[in-house]
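Computed from the coordinates by the stated procedures, all read-outs in this text should not be read as laboratory data. Keep in mind the model is a prediction, meaning the values are calculated, not measured. Heads up, the Cβs are rebuilt from the backbone with ideal geometry, glycines too, and the neighbour counts pull from every protein chain shown.
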Amino acid sequence: MYTRRKFIEQSLKISTGLCLFALPPFLSSQSRSRFHSASYYQALERRRVKCELCFRGCVIQDNERGFCKVRENENGKLYSVVFGNPAAVQLDPIEKEPMYHLHPGTNILCIGTAGCNFKCQFCHNWHLSQATPEELRHRSKRMTPEEVVNHAKNLDSGLSFTYNEPTIFWEYMYEISKLGRRDGLTTIFHTNGGMRSEPLKRLLENMMGVTVDLKGFTADFYRDVSFATMEPVLNTLRLIKSEGKWLEVVNLIIPTLNDDLNQIKEMCTWIVDNLGTDVPVHFNRFSPAYKMKHLKPTPISQLDRARNIATESGIRFVYVGNAPGHRHNSTFCPSCNKRIIHRTHFMVNEIRIKNGNCEFCKHPIPGVWKT
Amino acid sequence: MENINWLRSKGIDFAIFVMGFTSLSWQFIIVREMLVTFHGNEFTIGIIFANWLLLEAVGCYLWRKKAESIKKPLVFFISIQLLIGFLALLSVTLLRSTKYIFEIPLGEVLGLHIVALISLVILAPVSISKGALFPLASRNLGMIKNKPNAASEVYLIEAIGSFVAGLIFIFYLIERFDHFTIITIIFLLNIFSVVLLLHSQKIYSRVKILSLVFGLLILSVTIFSSTKWLNEKTAKLLWYEYSLLTTENSVYSNIAVIESENEFTFFQNGAPFITIPSPLFFVEEKAHIPLLLHPQPENVLLIGRGVGGLVNEILKHRVKSIKYAEQDPLVIQLTQKFLTPLTESEINSEKLSVVNIEGRRFVKTSDNKYDCILITLPIPTTLQLNRFFTLEFFEILNTRLNKNGIVAISVAGSETFLTDELEKLNNTIYRTLKSAFPFVRVVVGEMNIFIASNEKLVLDDVSIMKQRLKERNIQAGLINEFYLDYKFDESRFKSIEAAIIKGDNAVLNSDKTPNAVFQSLLFHTSIVSPTLVDILKTIDSIPISLYMLILIVIFVGLIISQLKRKNNLYIDTAILTTGFTSIVIYLVLIFYFQIYFGNVYHYVGLLTAFFMLGSAIGAYFGNKRRFKNLVKIESGFILLIVALSLFTLIEVDIALMQIIIFSTMILIGALTGFEFPIAVKKYQDVNDFKSQNSSKLYSLDLFGAFFGALLTGVVFVPTIGIAATLVLLLMIKIGSISLVLIGKK
């Protein structure tokens, strides 16, 4: 006979079973995300958060992501979706960054993920920067910071955070660079300069050098072509300099969009006034890419003119990039004018610097050199 | 009196002839203009055609009743005819100004949705007006000739006008005049026709006609005298950010040359294709890596972009001869016109010989053998480009190699990361090459270079290449021993090369299943309209069985409806499916032409003229009283589709194929033209005749064509291929004939 007691007993058993089966995932989703916790954000009311990593300061609703597509709000907490999840891990010459005055001729292990906090219409790495982590999930790797550092050590290379904007994977970059510095590896990153000062200062503790894109020198250009703002980039440049880290500036000259020589002159004056004359400046040749595929490459003479302006402004190391065979791909001693680093494109053929000085006239050459 | 009647009847005939002439000429012009503005491929052409047909159908449908009721149909007809002349001028001007007005940077590749929207707006005034002309022409012809239904005759005369336009356009106008001059000539023709019509109808006094003629002539002379100015000004608007040196049309394409800092950039149909001097990283790898892999390259064949740097780099290897196949003589003419020291030395080199023959045809027809064949073309986003990436072509190349010969093909790539779309495209090219050559390797880069040979390649031993670099004393900006070390360092690019070679599910790319085209289009779309990529991938994953199921459901529904209501649904369906079928076969034939001959831009006018010729012949016979059998004509379509499907299965000789394509073009035109008057007669038979019904049929024909153009260009051919498209077409016409058989009872 089916008694009341039996009924209660069985009901309890079933309920307990159901609880045991259903509760753990529920509990875990409450307490632990599958993603890595993010730094630099502020919790707001109604489970919203304000990301304070880059200039955008995205206010992110619950279960949504910021502009960069890789920082997600889960239940009022912010997570980095791409921590330990690089989409590209590639060995490159350090010159490819470009980074010319820091351990020239060495290799770096470059790390990039999906996403970006800019939306440049001419991006060369748009496959990564304009994709979501989900779109790249089949191609992404799983690598802990330790694994990345060990991989770099095995390849006898340094570390660089590049391809897409590394700001957006700040936590991953920070952890890797911390381990990298501990083990004596070269650590650099290539940024669009949109990071806020607090995370930047903390990150710089682990970094030896930074390459910053100064994409143009008008607010309009930043707004229209990169969907960003210029002022934070200038602040970043000043901060890196004041923190005493090695800094190189890149300006990609794009025909019709940012090739006005007056603007270039203004930019060079600003660099001299704010960063000094020793910061190397790279004027890179544009070649058609992404949504700007129908634009022509920058004329070499335009790059030469920009270079002349920079030199006249007082900048001592001005390079012309993406133009293989160009004389000013190489480094010349500002004192004796002899070629002290011979490069073709990003290949170093010869280095004539000893202990940080020109081998010919012993003039000190600013940079970070291997002894 | 008879004379007057003759004159009246010929006046309206001529006006309708001019209507057909204007319509087709205008189509040619606007398609070419849009190709330049949007840098078109099959997708864009499909969209432009579809928009055109849709708008014309809308115009016709909206005016079908109004044309019946208005009091002065002739005045409306004349006014719209003249208006089209103006609107044609206006829309070309507007199209060329679009980028300037909306501040669209010239270098930006536009998304397909933007292309669709802009073309819809630009085409609307002329296309809708043109659509409205059909019912008006039918009404006027009916009134003048006292025929109750004149639509079939309008259809016939319009087809003749289009046929003549096709011939004149291809053989005369396009090579001699710019687009504005052609539009003005057409406008003058319209004025002449209007005057003739007014004079023949005697509804206005001579003074009125003369003053109108005078006014219009002054206007047209003004336009005529300023076409050069207009052409130049609007061309400058189109290239507003650049200093434009010239823009010229050849029968193959439009070529614009801009100058900046003594560097010239050539744009073909709106996209840059040569910069002189070319950036070294564009040319040095493409020339030196393959040539360094060969022990002694003497004879080189170059297909693609040659002058401006590549030839100069090849010459550094002390080769004996370079054959450079460049289809369009205008490219070389303009290179000579805007000479630089580099191009001068290249063109004057005794070792270089330029052959003005399309590359594939040249390889096929000449027996020359080469040590190195370099293919430097953009990725195959069109069937024309795909001719150089197919198994059939690779197999021909294999027979044109000397011992140790090498084929090198560049395809978009990346040193860092391959997207899904790019990886699949590279997988396909690899697999296709591997099916034609025993040894294939990939040199990874921003431009991957596929090297294929019948002998083992020396890619793994970079010291051999460095040795040859030294022996040949090659001085280059990019390529040196350090760069070769970097380029062939296994630790850098091995994983990317492995991903390209792996491609477990890689498909073959052949002439008739142009898989690489869809993959290239997907890659292109992932840049310009990323949201569309998922839609296209979904479409791609739809099996043909689902399309079949949809068709079965539609036709079962139509048959049930026909059985219940016993109305004219079967006639409407026959015309709608005919519009669909004719444009699908028309496009398939154009694609075939492209696959076999590769210069459809030259012959599209002639092919269209043949279609219109067939259409006119069909309409002529269809107008005869004794032909009334819709079943026979529908069976004709079925037979034609079956015959055409057979050609997808067998390999046909190139000369025979030419005959097949042109005669099928006439046949499909004839069947289409034949059916329209029969359908009109069917309506008459059931005493349901109103003139507006024939306009409805005409717009149904156009609606069918609209769906056909859109689905063939964008969905069917790129995803399921030509053969499967024809199977679907067969089902559609079988459904249609079933409906006709039921409807007849």
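By its C-alpha gyration tensor, with a ≥ b ≥ c as the square roots of the eigenvalues, how is the range B:419-462 shaped: rounded for a/c under 1.5, else prolate for a/b larger than b/c, else oblate? Before the final figure, lay out the partial values.
Working: a/c = 3.39, a/b = 1.37, b/c = 2.47.
Here the range B:419-462 falls in the oblate category.
Scale the Cα Rg of the range B:186-235 by the rule-of-thumb value 2.2 N^0.38 Å and send over the ratio, two decimals. Could you put the intermediate results ahead of the total?
Working: Rg = 13.6 Å, N = 50, 2.2 N^0.38 = 9.7 Å.
Taking N as the residue count of the range B:186-235, the ratio is 1.40.
Would you mind telling me which residue in A:153, A:96, A:296 has the biggest mean-square fluctuation in a Gaussian network model of chain A, where springs connect alpha carbons within a distance under 10 angstrom?
In this elastic network of chain A, the residue with the biggest mean-square fluctuation among A:153, A:96, A:296 is A:296.
If you look at just the Cα atoms of chain A, how large are its Rg and its Dmax in Å?
24.6, 107
Pull out the extension gain between residue B:556 and residue B:336, defined as 0.36 nm times the separation in residues minus the alpha carbon to alpha carbon distance; nm, one decimal. Spell out each step's value before the answer.
Details: separation 220, 0.36 × 220 = 79.20 nm, distance 6.36 nm.
Length gained between residue B:556 and residue B:336: 72.8 nm.
Ranked highest first by the average count of other Cβ atoms within 10 Å around their residues, in what order do B:210-222, B:731-743, A:117-129 fall?
Details: B:210-222: 13.6, B:731-743: 20.2, A:117-129: 23.0.
Descending mean neighbour count gives A:117-129, B:731-743, B:210-222.
With N set to the residue count of the range B:325-419, report its C-alpha Rg divided by 2.2 N^0.38 Å to two decimal places. Present the calculation step by step, with values, prior to reporting the outcome.
Details: Rg = 15.5 Å, N = 95, 2.2 N^0.38 = 12.4 Å.
In units of the globular-protein estimate, the range B:325-419 measures up at 1.25.
Which entries of B:624/B:744; B:424/B:733; A:50/A:153; A:96/B:351 show an alpha-carbon separation above 28 angstrom in the structure shown? It would help to have the intermediate numbers written out before the result.
Details: B:624/B:744 20 Å; B:424/B:733 36 Å; A:50/A:153 37 Å; A:96/B:351 37 Å.
Beyond 28 Å: B:424/B:733; A:50/A:153; A:96/B:351.
Counting only Cα, what are the radius of gyration and maximum Cα-Cα distance Dmax of chain B, in Å?
28.2, 95
How big is the Rg/Rh ratio for the range B:128-217, C-alpha atoms only, Rh by Kirkwood, two decimals?
Reported Rg/Rh, Kirkwood definition of Rh: 1.02.
Please compute the alpha carbon radius of gyration of the range B:283-375, then divide it by the globular-protein estimate 2.2 N^0.38 Å. Two decimals is fine. Walk me through the numbers on the way to the answer.
Working: Rg = 12.5 Å, N = 93, 2.2 N^0.38 = 12.3 Å.
Output field value: 1.02.
Viscosity 1.002 mPa s, temperature 20 °C: Stokes-Einstein D of the range B:443-542 from its Kirkwood Cα radius, in µm² per second?
Details: Rh = 16.9 Å.
Taking Rh from Cα pairs, D becomes 127 µm²/s.
Give me D for the range A:282-341 in µm² s⁻¹, whole number, from Stokes-Einstein with Rh from the Kirkwood sum over alpha-carbon pairs, 4 °C and 1.567 mPa s. Walk me through the numbers before you get to the answer.
Working: Rh = 12.5 Å.
Estimated via Stokes-Einstein, D reaches 103 µm²/s.
If we sort B:396-409, B:559-572, A:277-290 on the protection proxy, mean other Cβ atoms within 10 Å, highest first, what's the order?
On the way: B:396-409: 19.3, B:559-572: 16.4, A:277-290: 21.3.
Top of the packing list down: A:277-290, B:396-409, B:559-572.
Quote the charge dipole size of the protein assembly as shown about the Cα centre in Debye, to the nearest 20; the model charges only the Cβ of Lys and Arg (+1) and of Asp and Glu (-1). Could you put the intermediate results ahead of the total?
Working: 115 positive and 94 negative charges, 660 e Å.
Roughly 3160 debye, rounded to the nearest 20.
Suppose the Debye formula is applied to equal point scatterers at every Cα of the range B:404-499; what is log10 I(q)/I(0) at q = 0.14, 0.19 Å⁻¹?
So the normalised log intensities work out to -0.55, -0.99.
On a 0 to 90° scale, report how tilted helix B:530-541 is relative to the longest principal axis of chain B, with both axes built from alpha carbons and the result rounded to the nearest 10.
Between helix and principal axis, roughly 80 degrees.
Sorted by packing (mean other beta-carbon atoms within 10 Å per residue), highest first, where do B:227-234, B:633-640 land? Working shown, then result.
On the way: B:227-234: 16.6, B:633-640: 19.8.
Top of the packing list down: B:633-640, B:227-234.
Expressed in nm², what is the orientationally averaged projection area of the convex hull enclosing the Cα positions of the protein assembly as shown?
Numbers: hull surface 225.5 nm².
Reported value for the Cα convex hull: 56.4 nm².
For the range B:566-680, state the average projected area of the convex hull of the C-alpha atoms over all orientations, rounded to one decimal in nm².
On the way: hull surface 29.4 nm².
That works out to 7.4 nm².
Nearest 0.05, what FRET efficiency do residue B:460 and residue B:635 give at R0 = 56 Å with Cβ-Cβ as r? It would help to have the intermediate numbers written out before the result.
On the way: r = 62 Å, r/R0 = 1.12.
With R0 = 56 Å, the Cβ-Cβ based efficiency is 0.35.
Would you order B:486, B:155 from fewest to most other beta-carbon atoms within 10 Å of each residue's own beta-carbon? Before the final figure, lay out each step's value.
Values: B:486 20, B:155 29.
Ordered by Cβ neighbours within 10 Å, fewest first: B:486, B:155.
Only counting other Cβ atoms within 10 Å, I'd like B:395, B:313 sorted with the fewest neighbours first.
On the way: B:395 13, B:313 23.
Ranking B:395, B:313 by Cβ neighbours within 10 Å, fewest first, gives B:395, B:313.
Could you list B:8, B:441, A:202 so that the one with the fewest beta carbons within 10 Å of its beta carbon is first and the one with the most is last? Could you put the intermediate results ahead of the total?
Working: B:8 17, B:441 20, A:202 13.
With the fewest neighbours first, B:8, B:441, A:202 line up as A:202, B:8, B:441.
Using only Cα atoms, locate the centre of the range A:284-335 and the centre of the range B:324-383, then give the distance between them in Å, rounded to an integer.
Between the Cα centre of the range A:284-335 and that of the range B:324-383, the gap is 31 Å.
On a full-extension model of 0.36 nm per residue, what is the gain between residue A:339 and residue A:223, subtracting their alpha-carbon distance, rounded to one decimal in nm?
Working: separation 116, 0.36 × 116 = 41.76 nm, distance 3.93 nm.
Length gained between residue A:339 and residue A:223: 37.8 nm.
Under a 5 Å amide H to amide H cut-off, with H placed in plane at 1.01 Å, what residues pair with residue A:322 once short-range neighbours are removed?
A:285
Starting from 0 in steps of 5 Å, tell me what percent of the Cα-Cα pairs of the range A:309-371 lands in each bin.
Per 5 Å bin, starting at zero, the Cα-Cα P(r) for the range A:309-371 comes out as 4, 19, 25, 26, 19, 7, 0 percent.
Looking only at other chains, what is the average number of their beta-carbon atoms within 10 angstrom of each beta-carbon in B:475-484?
Details: counts 1, 3, 7, 7, 4, 6, 2, 11, 6, 1.
For this peptide, the per-residue mean of nearby foreign Cβ atoms is 5.
Taking the Cα atoms of the range B:630-672, what is the range of coordinates along each of the three principal axes, in descending order and whole Å?
35, 19, 9
To the nearest whole number, what is the average tally of beta carbon atoms from other chains within 10 Å of the beta carbons of peptide A:334-346? Don't jump to the answer; show the numbers that get you there.
On the way: counts 0, 0, 0, 0, 0, 0, 0, 0, 1, 1, 8, 10, 4.
Partner-chain Cβ atoms within 10 Å, mean over residues of A:334-346: 2.
Please report, in whole Å, how far the alpha carbons of the range A:113-164 spread along each principal axis, starting with the longest.
Sorted from largest, the Cα extents of the range A:113-164 read 36, 22, 15 Å.
Using only Cα atoms, find the angle between the long axis of helix B:654-685 and the longest principal axis of chain B, and express it within 0 to 90 degrees, rounded to the nearest 10.
It is inclined by approximately 30 degrees.
Please give the calculated 222 nm ellipticity per residue for chain A, where each DSSP H segment of at least 4 residues contributes -39500 (n - 2.57) and the sum is spread over every residue; nearest 500 deg cm²/dmol?
Working: 9 runs with 112 residues, N = 371.
Theoretical 222 nm ellipticity from helices: -9500 deg cm²/dmol.
What residues have an amide H closer than 5 Å to that of residue A:340, excluding those fewer than 5 places away on the same chain, when H is modeled at 1.01 Å from N in the peptide plane?
For residue A:340, the qualifying residues are A:331, A:332, A:333.
Just want the answer: with Cβ charges of +1 for Lys and Arg and -1 for Asp and Glu, which residue in A:66, A:326, A:297 is farthest toward the dipole's positive end in chain A?
So the residue furthest toward the plus end is A:66.
Quick one: P(r) of the range A:186-259 from all Cα-Cα pairs, 10 Å bins, percents rounded to integers, in order of increasing distance.
19, 52, 24, 5
Kindly give the semi-axes, whole Å and largest first, of the ellipsoid equivalent to the range A:164-287, taking each as the square root of 5 times a Cα gyration tensor eigenvalue. Show your work: numbers first, answer last.
Details: eigenvalues 138, 47, 33 Å².
Each semi-axis is √(5λ); the values are 26, 15, 13 Å.
Under a plain spin-label model, where a point goes 7 Å from the Cα along Cα-to-Cβ, how far apart in nm are residue A:46 and residue B:206?
It is 8.3 nm.
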